[in-house]
Amino acid sequence: MNMRLRSEGYVLFFLVFLFICYPAAVSASGKFAGAEEIRLSAPTQACIACHKAVSPGIVSDWLSSRHAKIIPAEAMKKPALERRISSDRLPDELSVYAVGCYECHSLNPVRHKDNFNHMGYMINVVVSPNDCSTCHPTEADQYARSKKANAYKNLMKNPIYHNLVKTITGIKKVENGKLVSQPPSEMTLRETCLGCHGTKVEVRGLKKVYAGSAWGEITVPDLTNWPSQGVGRENPDGSIGACTACHPRHGFSIEVARKPYTCAQCHLDPDVPAWNVYKESKHGAIYASKKDDWDFGAVPWVLGKDFNAPTCATCHVSLIVSPDGEVIAERTHDFGARLWVRLFGLIYSHAQPVSGDTSIIRNKDGLSMPTAFTGEPATKYLIDGAEQDRRKGVMKEICRGCHGTSWIDNHFEKLDNTIKETNEMTLSATQLMVEAWEKGIEDISNPFDEEIEKLWIKQWLFYPSSIRYASAMTGAPDYASFKNGWWELSDNLRKMRNRIDIKEHIMKHQSE
Amino acid sequence: MNMRLRSEGYVLFFLVFLFICYPAAVSASGKFAGAEEIRLSAPTQACIACHKAVSPGIVSDWLSSRHAKIIPAEAMKKPALERRISSDRLPDELSVYAVGCYECHSLNPVRHKDNFNHMGYMINVVVSPNDCSTCHPTEADQYARSKKANAYKNLMKNPIYHNLVKTITGIKKVENGKLVSQPPSEMTLRETCLGCHGTKVEVRGLKKVYAGSAWGEITVPDLTNWPSQGVGRENPDGSIGACTACHPRHGFSIEVARKPYTCAQCHLDPDVPAWNVYKESKHGAIYASKKDDWDFGAVPWVLGKDFNAPTCATCHVSLIVSPDGEVIAERTHDFGARLWVRLFGLIYSHAQPVSGDTSIIRNKDGLSMPTAFTGEPATKYLIDGAEQDRRKGVMKEICRGCHGTSWIDNHFEKLDNTIKETNEMTLSATQLMVEAWEKGIEDISNPFDEEIEKLWIKQWLFYPSSIRYASAMTGAPDYASFKNGWWELSDNLRKMRNRIDIKEHIMKHQSE
Amino acid sequence: MNMRLRSEGYVLFFLVFLFICYPAAVSASGKFAGAEEIRLSAPTQACIACHKAVSPGIVSDWLSSRHAKIIPAEAMKKPALERRISSDRLPDELSVYAVGCYECHSLNPVRHKDNFNHMGYMINVVVSPNDCSTCHPTEADQYARSKKANAYKNLMKNPIYHNLVKTITGIKKVENGKLVSQPPSEMTLRETCLGCHGTKVEVRGLKKVYAGSAWGEITVPDLTNWPSQGVGRENPDGSIGACTACHPRHGFSIEVARKPYTCAQCHLDPDVPAWNVYKESKHGAIYASKKDDWDFGAVPWVLGKDFNAPTCATCHVSLIVSPDGEVIAERTHDFGARLWVRLFGLIYSHAQPVSGDTSIIRNKDGLSMPTAFTGEPATKYLIDGAEQDRRKGVMKEICRGCHGTSWIDNHFEKLDNTIKETNEMTLSATQLMVEAWEKGIEDISNPFDEEIEKLWIKQWLFYPSSIRYASAMTGAPDYASFKNGWWELSDNLRKMRNRIDIKEHIMKHQSE
């Protein structure tokens, strides 16, 4: 079904291309020096020949990428800690060319339902983690096990969360004075919950689109829920995840992924205020003040040399070494691998789940939740104390790069206390909620759609997250205090109490 | 009435000035190399002679400006796409000197009610868009047609909006237990609504002010509502607008105007969360991570060479060309010229108005609103479908620099859907509002001052804006979801329903 | 009790260290050129010998510091305006070495209850402002007089504020359907209010901690409420304050302190939105756009040369001079020294207190508040009109660097008006609150824990701060308008009115 063109003649196209079409790209401090030695495959040359006019931005992005600057065969000769390719060996045809358009967009065509004939070349629209795993199998494997990769399923296949999603994003109509909710549209889901979680991208068939005056109409796959760069995207090749959520097309920059703005796209207040807290923390202040002196591209990433305060990636993802080359933390693309507790998104904070697929969890009441309504953990599906300690130990080693033991121990003891106290504040809210349900003041059949229920949701989905992140990063005390923190947590309980009283009063006196 | 001094002797004052008074200004990487050839007019020399001591900051700002680095006669020799002066010819007296203090502050003295004798020179306090149009007529003309230039009138001459302004910013007193609103003060208006919209600056007369120990008291115009840099400022020469809203005095930097912080001064949540959404979007993350490698001063602005992700200016204002010099989008200073719908500030999203002066609009009920209460557009005053398509086409060409057709089409189809759905959510709120008014629960005589009315306002002024911007930029999904997005849009309807029920109950039982 | 080791043999350890252990640290553009001339004391050499492996991050931080680059004896030879050491003379033993680990951590051992034997050296865990005063006595003296240094006491020793703290941060339990508040835990206080205000750090005794595989268990002081970098920290040597709140360990960077991110750690919305307003102001937009061209390390800080728009430090702290060397503002580390009014944190805005210790203030009703309930100032404890004018004059001189007199005068007249109007809006809320208390709708015994009381608190603690900061910086008009500004101030009064009416109704009809 698909036709592959791989040129055997090594054309020094790149050199010519750079100097004729993109002279400016080279002028910037010799960045592309040495570029003349990079060979492009014939199909990639063909891609660029058109696309430098049709979509010059992505060609420029790619030119700025490591993929355009070193061939895999050379990259694999690097010392172990410096290597960015985790595969032990690559197909010859991929090793000797720059990793160009065709190298990525032509992989695994049989699996790709979005494979199609584009100007004589069989290519895929979507490059998936499975495609990237050709050179980066360790990263792809780790990622596939993460909650991120499973984020679509974890949300949409869990009946409780799915109900929450529908209740929030469905259009509400007024019928006979009553609010009636309709199911949310796919397009609204795509830009709300699934904007971060990822969509399910399927191929409906082919369609014609207008590709600009030079080309007129062309035929391309007709994809559902596209575009999407959500972390748990379900791809037309059956794989899950999107590397481009953090490494944006087509520069695939490690610098961008290591800077906190990338994480900030999704980890935002009020539900996940990681970025909000970080940027107002001491670490964040040092980052913002000094980042221009740091090297965000270095592999391995040397603490005290390449950076002097952590970003998100430092603690959660990157390979960190000391100035004398000792490994402080191994690289992981399972973003939960250095975490022992879940701080956000659920009724109670609890131990990390064993599997990144959390839709399999059942609590003691048989519901797809990691804790019972009263907080008891679904232990079987969560990591045990030993594993929690092991992971906490990994994190502490990173802290130890700059902090003493007493400092670190007191810090994490404080976080433990914060989890305990915020869980207690959730329990109090849950007790009030139960009172409202038992008295018939609100209706548990949908626990997410009435006024007191919405206050209850805020008590576990918004406010504790602020406090826990402020605790976890010891910073931005306003987020623990006034800004969606303890102020709201306390005020909200009072509001719940008062709303129950008012509604109860009206119920009673209505019936008089 | 006014005395002009224009030196015929070309004094190389600038060189001497720079090297003697501001040695440091030159040391920074030869930025001012060539400065020695710039001639200053005699009046400007006189200005600087004092002001480098009296207000050194603005002299330094000006030294950093293009105005200080090239004389108009030279600037006009640039190739068409590189030219920043849109006038075809300039008065000789302005062409051969740097564009200094006196060149701008002495223009059109007859029109300027703020013209006054300052140390022997007749100058204006306020430099207006009409003055700037001497060299930049195209930009001034475009701007004058924009909603921005008309922002003062659009707000204050529209009785409905004016009522909203008064209701929000007037001091409230408690009289006999009731809240009574007073008219807002001019000073509070200046720093709230008119901080962005601009004030009406008029000349009351002259006054004496203390100008520091070296000068003692001097006489200056006594201006109302001053200072103000709001976009729709009404100037003492009768013109409207303030170029300095985006090009801050006295550097008038294109770099500053192109960076999103400038737009962020006004386009903030909760009512206009453009900046909030942008900075947490994929485009914003790339901007924040890579901006130091980009060139924000280049004219024309080359996509893929000078920048790799858009800022506000890229899509809405700047002259964008491809790396091979083809124009992708013409420059416009009518900020709505590439827009087909209005996303914020009004009860329903609707087609852009034909005129930047929206105070002329009348809906079918004769009110100064672009839609009826139920959403029907005041078609006569709004651009038609063909013009909407044309403008959308201009925007799509910019997207096409980096994205394929299918991507772009799906994106804008999604935005259309978002507008439709958020408008429906507003309609539901309006229906509840009407119920409250009809039942006498709240009083429509001022539709903006009671509790349920304020919930209704949030339903169209705050929450849909979050969602629409998140849609328009496909990013920051939290703004579409939890952060003033669908969460609030749904919760708020429920709150409106409950407040109506409570107030109705009290009304009934009070009278028992 | 303590043993001091001071080497007489000047070992060129630093050079060796740098080139062998930290080769990369030197490669960055010769930053450490000349480093070979810096002598390290023998104890500091010993510290570094281990800590470059144990905690390489802090060694790297210190290497980046001025402390590592110039010995005090040389630093004291600088011209007066350039000197960063305010002491007239130093002990010889401190003058001739780099200010290294031991130089700071060994000072004043008798005062330091946290002094302990660490690997043979008697050191203190906490370096306090009193220790820093060895070289920086003027800064330490100024700071000690500030509200910042007294921030722990001002909050925790004032019964009214202490009650507010407890009410917000205490865990709430549901007992028989009622909310019951428990006292807050020390750990929660540490990361909420005391995160900014500072904690009381005391020595409980000694404890053993695990210091990593190389060292095993070591004995260290067991400190309460540690770590803490809050501005009013009470230290184990009896001193108050933490220089590291703004000059982070161990780089002690003036650049970091001058950039606004440092202030942003605490001066955040909703209660103190200084940073939020600044970054969306004109000054903030210029800062964000142009800061990379500025010099944040220069002493003195030259307006128009080192920077072209102010950061927090410019107006409130730094020594500012004009390009021709005239002093515009003297340096002060009493952060209130250039302020004449308090804009935040109290029921009404009022004149600055005379003493940084505000716990001594008594209003006419004998309460520890700077105003009476109705706004009358506790005059005796507040600066008078003459002192207010003097301080405003200092601030105006800074404005005058870039702005004319009329501009400046109008600006501050506007701020005065804003203070007056926002105080009036607070008074209206207070009148409603009094009604609620007098009618028994809520209980004044704790004025901070019920629903209407919490609305009242927002009316003085959150919303006026937004407006006043937007006024004080003439920027971010959304903060004065919609974003915790006039919108909320007006809406909140209406909410208070309605909650009183609802609760009153229920009270009446409940008893029927």
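The values are calculated or read from the model by the stated rules, or taken from the named source; none is laboratory data. Keep in mind it's a predicted model, so treat the numbers as computed, not measured. Positions of Cβ are backbone-derived with ideal geometry, glycine not excepted, and every protein chain shown enters the neighbour counts.
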| task | Tell me, please, whether a residue that is in a loop (DSSP other than H, G, I, E, B) and of a type in the set (Lys, Arg) can be found in the stretch A:192-210. | result | no
Considering only the stretch A:258-267, I want to know if a residue exists there that is touching a residue at least 12 places away in the same chain (Cβ under 8 Å), surrounded by 19 or more Cβ atoms within 10 Å (Cβ to Cβ), within 11 Å of chain B (Cβ to nearest Cβ) and of a type in the set (D, E, K, R).
yes
Would you check if there is a residue in the stretch B:464-479 being over 31 Å from the mean Cα position of the chain (by Cα) and not small (Gly, Ala, Ser)? no
Self-check item: Yes/no for residue B:86 being under 29 Å from residue B:323 (Cα atoms) and within 13 Å of chain C (Cβ to nearest Cβ)
Solution: no
Flag if residue B:481 is within 7 Å of another protein chain (Cβ to nearest Cβ), among the hydroxyl-bearing types (Ser, Thr, Tyr) and over 30 Å from residue A:221 (Cβ atoms): no
Inside the stretch A:70-110, the number of residues satisfying the requirement of being among the basic types (Lys, Arg) and either surrounded by fewer than 14 Cβ atoms within 10 Å (Cβ to Cβ) or modelled with pLDDT under 95 (or both) is 3
Review point. Does at least one position in the stretch B:228-240 carry a residue that is touching a Ser or Thr at 6+ places or on another chain (Cβ under 6 Å) and aliphatic (A, V, I, L, M)?
Key: no
Has the stretch A:428-435 got any residue that is surrounded by fewer than 21 Cβ atoms within 10 Å (Cβ to Cβ), closer than 24 Å to residue B:500 by Cα and either at pLDDT below 95 or more than 9 Å from every other protein chain (Cβ to nearest Cβ) (or both)?
-> no
Restricting attention to the stretch A:408-419, the residues that are over 27 Å from the mean Cα position of the chain (by Cα) and surrounded by fewer than 19 Cβ atoms within 10 Å (Cβ to Cβ) number exactly 3
Would you confirm, using the coordinates I've provided, whether residue A:249 is on the phi < 0 side of the Ramachandran plot and out of contact with any Ser or Thr (no Cβ under 8 Å at 6 or more places or on another chain)?
yes
*Would a scan of the stretch A:94-108 turn up a residue that is touching a Pro at 6+ places or on another chain (Cβ under 7 Å) and assigned to a strand (DSSP E or B)?*
no
Exercise for review: Inspect the stretch A:375-393 for any residue being within 30 Å of residue A:426 (Cα to Cα) and either among the β-branched types (Val, Ile, Thr) or within 10 Å of another protein chain (Cβ to nearest Cβ) (or both) and give the result as yes or no.
Suggested key: yes
Note on the stretch B:298-325: residues more than 18 Å from residue B:84 (Cα to Cα) and in a loop (DSSP other than H, G, I, E, B) are B:304, B:305, B:308, B:309, B:310, B:311, B:322, B:323, B:324
Counted residues in the stretch B:236-246 being away from chain C (no Cβ under 14 Å), crowded, with 22+ Cβ neighbours inside 10 Å and not charged (D, E, K, R) come to 3
Quick count over the stretch C:376-418, residues being touching a residue at least 60 places away in the same chain (Cβ under 8 Å) and of a type in the set (Asp, Glu), is 1
| request: Could you check, for the stretch A:465-483, whether at least one of its residues is crowded, with 24+ Cβ neighbours inside 10 Å, of a type in the set (Gly, Ala, Ser) and free of Cβ contacts under 8 Å to residues at least 12 places away in the same chain? | output: yes
Taking the stretch C:268-280 and keeping only residues that are in a loop (DSSP other than H, G, I, E, B), more than 9 Å from chain A (Cβ to nearest Cβ) and touching a Leu at 6+ places or on another chain (Cβ under 7 Å), one is left with C:280
Going by the conditions given, is residue A:351 in contact with a Leu (Cβ under 6 Å, 6 or more places away or on another chain), without any contact (Cβ under 8 Å) to a residue 60 or more places away in the chain and either more than 8 Å from every other protein chain (Cβ to nearest Cβ) or β-branched (Val, Ile, Thr) (or both)?
yes
Checked the stretch B:388-419 for anything of a type in the set (A, V, I, L, M, F, W, C) and closer than 12 Å to residue B:315 by Cα; matches are B:394, B:395, B:398, B:399
Within the stretch A:281-296, restricting to residues that are among the aromatic types (Phe, Trp, Tyr) and at the interface with another protein chain (Cβ under 9 Å from one of its Cβ atoms), the one that is surrounded by the most Cβ atoms within 10 Å (Cβ to Cβ) is A:287
Scanning the stretch B:452-477 residue by residue, the ones that are closer than 18 Å to residue C:483 by Cα and either polar (S, T, N, Q) or within 14 Å of chain A (Cβ to nearest Cβ) (or both) total 9
Just one listed residue, out of C:297, C:284, C:325, C:336, is of a type outside the set (A, V, I, L, M, F, W, C) and at positive phi, and it is C:325
With criteria (1) at pLDDT 95 or above; (2) within 20 Å of residue A:433 (Cβ to Cβ); (3) over 24 Å from the mean Cα position of the chain (by Cα), residue A:507 comes up short on (1)
(Q) Please determine whether any residue of the stretch B:196-218 is among the polar types (S, T, N, Q), within 9 Å of chain C (Cβ to nearest Cβ) and touching a residue at least 24 places away in the same chain (Cβ under 8 Å). (A) no
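Yes or no, residue by residue, for (1) under 22 Å from residue A:375 (Cα atoms); (2) not small (Gly, Ala, Ser):
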position	(1), (2)
A:399	no, yes
A:405	no, yes
A:413	yes, yes
A:419	yes, yes
A:445	yes, no
A:465	yes, no
A:474	no, yes
A:489	yes, yes
Wholly inside the stretch C:111-187, strands (runs of 3 or more DSSP E) that include 1 or more residues that are in contact (Cβ under 8 Å) with a residue 24 or more places away in the chain are C:115-118, C:121-124, C:178-181
Of the residues in the stretch B:220-235, those that are facing chain C (nearest Cβ under 9 Å), part of a strand (DSSP E or B) and in contact (Cβ under 8 Å) with a residue 24 or more places away in the chain come to B:220, B:221, B:223
